[in-house]
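What follows is one structure encoded as structure tokens, with my remarks underneath.
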């Protein structure tokens, strides 16, 4: 098709089989071809200048927390570190504008190709591998709700008129210190504490501060009635993993979006932890717990305060 002339090849790197195998053969046929590998931010296949530790990323099919032996990184001329935001928004564009039912990693590849192709001259050729389909993403980036909850899509205000609280951060809520429980606490004692403190749920934190999950009255009651756990069992046996998180810097518009489908949201703060060997890891600290009632009380209290304030008039 290209008569033996190819100037750039772009592909995502997962296990590395596709990228390494195709790149080696292309180098044989087109020695001057530029091989561009795509690796998501948070993956350790290749480090960007400002990223020296692994962290979570949502895109699937590319990126790893270790370097597979089959991946030959020396064959790659340049790496592109993709973000989840550009990845999923580009994948949605491919579906909307081109009718290509591509998955997330295809969005990463196209985002990288559009950026790296700026180095090409007019008439030069670039080939991009779109490696996945949309089949496994039906409840993920195709959903506006999911995109908003993850912070990948800006939520539009109702009637395109922003409420006064729309762009305020979660930190504006001034949440009280959270109630947390240790994983060794018994289910019986946890239920007593939650009832005494008038809470329906609490985060379970281990000695290192890692968030293991949530303990909720509903989950414990359901598991106890189903005889999956006993009252004497530790709460670690009845953990709820199905919960959402927001950060202190997230806008209340995002929080309101998440609370449409969740009864509570865990508020966390990110920090980087360095070990003695110099390695670093991203950690999260629990800052608070917020419900729809908390957000509603914040909004109504502010509006009542504004309505009760004496109006200023000039004579």
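Some notes on this structure:
- Considering helices alone, the calculated mean residue ellipticity of the chain at 222 nm is -8500 deg cm²/dmol, with DSSP H runs of length four and up weighted by -39500 (n - 2.57) and normalised per residue.
- For the chain, share of DSSP beta bridges that run antiparallel, in % to the nearest 5: 55
- Helix 84-93 axis, angle to the chain major axis (alpha carbon atoms, nearest 10°): 70
- For the range 52-95 versus the range 134-170, the spacing of their alpha-carbon centroids is 23 Å.
- Estimated from the Cβ-Cβ distance and a Förster radius of 45 angstrom, the FRET efficiency linking residue 186 and residue 135 is about 0.55.
- Normalised contact order of the chain, rounded percent, pairs of Cα under 8 Å and 6 or more residues apart: 14
- Applying 1/(1 + (r/R0)^6) with R0 = 30 Å to the Cβ-Cβ distance of residue 228 and residue 66 gives a FRET efficiency near 0.30.
- The per residue volume of the convex hull around the alpha-carbon atoms of the chain is 227 Å³.
- Restricting the calculation to Cα atoms, the range 48-124 shows an Rg/Rh of 1.00 when the hydrodynamic-style radius is the Kirkwood one.
- Once the Kirkwood radius over Cα pairs is known for the range 157-305, the Stokes-Einstein relation at 37 °C and 0.692 mPa s delivers a diffusion coefficient of 194 µm²/s.
All of the numbers you see were taken from the coordinates with simple rules; none came from a lab. Worth saying up front: this structure is predicted, and the values here are computed from it rather than measured. So basically every Cβ, Gly included, is an ideal-geometry build from the backbone, and we count neighbours across all protein chains shown.
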